[in-house]
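Q: What follows is a structure written as structure tokens; I'll ask about it next.
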Amino acid sequence: MRETDFLCDFCRRDWTQAAPVVEGHHGACICGTCLQAACSAPQPGPTPFRCSLCREDREDLAWSRDHARLCRRCREQSARVLGRDPDSGWKR
């Protein structure tokens, strides 16, 4: 598999070293740019949805873009993963 085979489920851009990604279940991905937007977005109220990363039915919507939804737990876990990776250059 090549980097261009991995697309962010939120913006559909392919993975590059300049835009790192975090992988969820079944190949789902969120790029650092979308994760940054999710971390700075206002928090919506409880809404039933299926998280695009963990694929669980949730009510703690943290962020959505087009058809993709992100739960708060996945947002926090993804932020920790990228924040610990010194090569990613990602900052919350």
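The values are calculated or read from the model by the stated rules, or taken from the named source; none is laboratory data. Computed from a prediction, not measured in an experiment: that's the story for all the values here. Ideal geometry is used to build each Cβ from the backbone, glycine not excepted, and the neighbour counts take in all protein chains shown. Accessible surface areas use protein heavy atoms only, side chains included; no ligands, DNA or RNA. Shrake-Rupley method; radii C 1.70, N 1.55, O 1.52, S 1.80 Å.
Q: With an 8 Å cut-off on Cα pairs and a minimum separation of 6 or more residues, tell me the relative contact order of the chain in percent. Show your work: numbers first, answer last.
A: Values: 156 pairs, mean separation 21.6, N = 92.
Answer for the chain is 23 percent.
Q: Rounding to the nearest 20 debye, state how big the charge dipole of the chain is about its Cα centre with +1 on each Lys and Arg Cβ and -1 on each Asp and Glu Cβ.
A: For the chain, the charge dipole is close to 240 debye.
Q: Of Ser64, Leu7, Val21, which is farthest on the positive side of the dipole of the chain, counting Cα position, with +1 on Lys and Arg Cβ, -1 on Asp and Glu Cβ, and the Cα centre as origin?
A: Ser64
Q: Still on this model: Short version: ³J(HN,Hα) in whole Hz for each residue of the stretch 32-47, in order, from phi by Karplus 6.51 cos²θ - 1.76 cosθ + 1.60 (θ = phi - 60°), x for Gly and Pro, what are they?
A: Per-residue couplings from phi come out as x, 5, 5, 5, 4, 5, 5, 6, 9, 7, x, 7, x, x, x, 8 Hz.
Q: Within the chain, what whole-number % of the accessible surface is contributed by carbon and sulfur, with the 1.4 Å probe and all protein chains included in the calculation?
A: Working: 2670 of 5480 Å².
Exposed carbon and sulfur together represent 49 percent of the surface.
Q: A further question on this structure: With a 1.4 Å probe and all protein chains left in place, how much accessible area per residue does the chain have, in Å²? List each step's numbers first, then the result.
A: Working: 5480 Å² over 92 residues.
Spelled out: the 1.4 Å probe surface of the chain, per residue, equals 60 Å².
Q: I've got another one for you. Given [x] 0.97; [y] 0.95; [z] 1.15 as candidate values of Rg/Rh (Cα atoms, Kirkwood Rh), which corresponds to the one derived from the coordinates?
A: Here Rg/Rh (Cα atoms, Kirkwood Rh) agrees with entry [y].
Q: Quick one: Kirkwood hydrodynamic radius for the stretch 8-50, alpha-carbon pairs, angstrom, one decimal? Walk me through the numbers before you get to the answer.
A: On the way: mean 1/r = 0.0871 Å⁻¹.
11.5 Å is the Kirkwood radius here.
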